[in-house]
Amino acid sequence: MSAGKKAIIGLTIIILITAIIIIAGRSKPVSPPQQVSRAKGKLVIKGSDTLLPLAQAWAEEFMRKHPDVSVSVTGGGSGVGIAALLDGTCDIADASRNLTKSEEERANSLGIQIRETKVAIDGISIIVNPQNPINSLTISQLKDIYTGRIKSWKELGGEDIKITAVGRDTPSGTYELFKEKVLGEENYAPTVLNTPSNNQIAMTVSQDVGAIGYVGVAYAEKFAKAGKVKIIAIAKDKSSPSLLPTKENIKSEKYPLYRYLFNYTRGEPKGIIKEYLDFVLSPEGQRIVEEVGYIPLK
């Protein structure tokens, strides 16, 4: 073979190799197939009225990510959810309080190990009618209102208007927590209006100039922005500063009426229950906590 032919063949090979490299460089890499959740089934969640809007937001996003999973979320109170969990009629109990001694005893008698998972932080906001000039109270004054010792706003520097104390009903975790943090060993006065939901408390306060109530921070913000209620500052005692239930004050535990929110399960969570809780505790799940108006764990 002549030197000229060898040169032509060599040049041709170089051109082909160059063309292949150029084409390979321009072609787009093949994306791996999108991972689709294989989780299937139904998830039943029941309990805390305070947690309800957050649980609904979590469920909506979880179902979007897991098309073959159906999530049912209902309220009714922490006690209702925990009872349903012990009865085996729900998979997760939403609660705004810890288990009571009687609930722990019942779980033990049934041979059930209840697992507690912290899912968010919340505060209890004290709300009054927007026409009420009172802007702050101490824990001691709150106690005197809800035990019936203080009956008129005049006794607190306000107008001579009868106080209507509004609270939650007994299955509510908010009812129990308020009793623990504010009333201590004393009981609610018989005159306190017990209502089945945060919404009902806020609506009652918005319609009664003498009313006062306690609700979760997300509910309080919603009604305060609409001009229906006023959130007042709370002080631990007369020598402490009066603080509003802001995220910063609750996270730092400076605001006296804060709490954790919980999900309870029967034993170690598995399957879609575990997938749901992993999502709730993930950065995306905790971002939803903040979007709904609660305080994320991290």
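The values are calculated or read from the model by the stated rules, or taken from the named source; none is laboratory data. Computed from a predicted model, the values in this text were never measured in an experiment. Neighbour counts run over all protein chains shown; Cβ positions are idealised from the backbone, glycine included.
Observations, loosely collected:
- The stretch 176-196, residues that are touching a strand residue (DSSP E or B) at 6+ places or on another chain (Cβ under 6 Å) and within 20 Å of residue 140 (Cβ to Cβ): 177, 178, 192
- Among the residues of the stretch 149-164, the one identified as in contact with a helix residue (DSSP H, G or I) (Cβ under 7 Å, 6 or more places away or on another chain), touching a residue at least 24 places away in the same chain (Cβ under 8 Å) and exposed (fewer than 15 other Cβ atoms within 10 Å of the Cβ) is 159.
- Inter-residue pairs, beta-carbon under 8 Å, first under 10 Å from residue 261 (Cβ atoms) and in contact (Cβ under 8 Å) with a residue 60 or more places away in the chain and in the stretch 287-298, second among the basic types (Lys, Arg) and surrounded by fewer than 18 Cβ atoms within 10 Å (Cβ to Cβ), 6+ apart: 295/247; 295/251; 297/118
Residues checked against (1) touching a strand residue (DSSP E or B) at 6+ places or on another chain (Cβ under 8 Å); (2) acidic (Asp, Glu); (3) in contact (Cβ under 8 Å) with a residue 24 or more places away in the chain:
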| site | (1), (2), (3) |
| --- | --- |
| 147 | no, no, yes |
| 166 | yes, no, yes |
| 198 | yes, no, yes |
| 208 | yes, yes, yes |
| 213 | yes, no, yes |
| 217 | yes, no, yes |
| 224 | yes, no, yes |
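- Yes/no for residue 269 being outside the structural domain of residue 84 (by TED's automatic domain parsing) and not in a helix (DSSP H, G or I): no
- Among the residues examined, residue 73 qualifies as at pLDDT 95 or above and either surrounded by fewer than 22 Cβ atoms within 10 Å (Cβ to Cβ) or within 21 Å of residue 169 (Cα to Cα) (or both).
- Going through (1) in a loop (DSSP other than H, G, I, E, B); (2) in the same structural domain as residue 54 (by TED's automatic domain parsing) one by one, residue 239 falls short only on (2).
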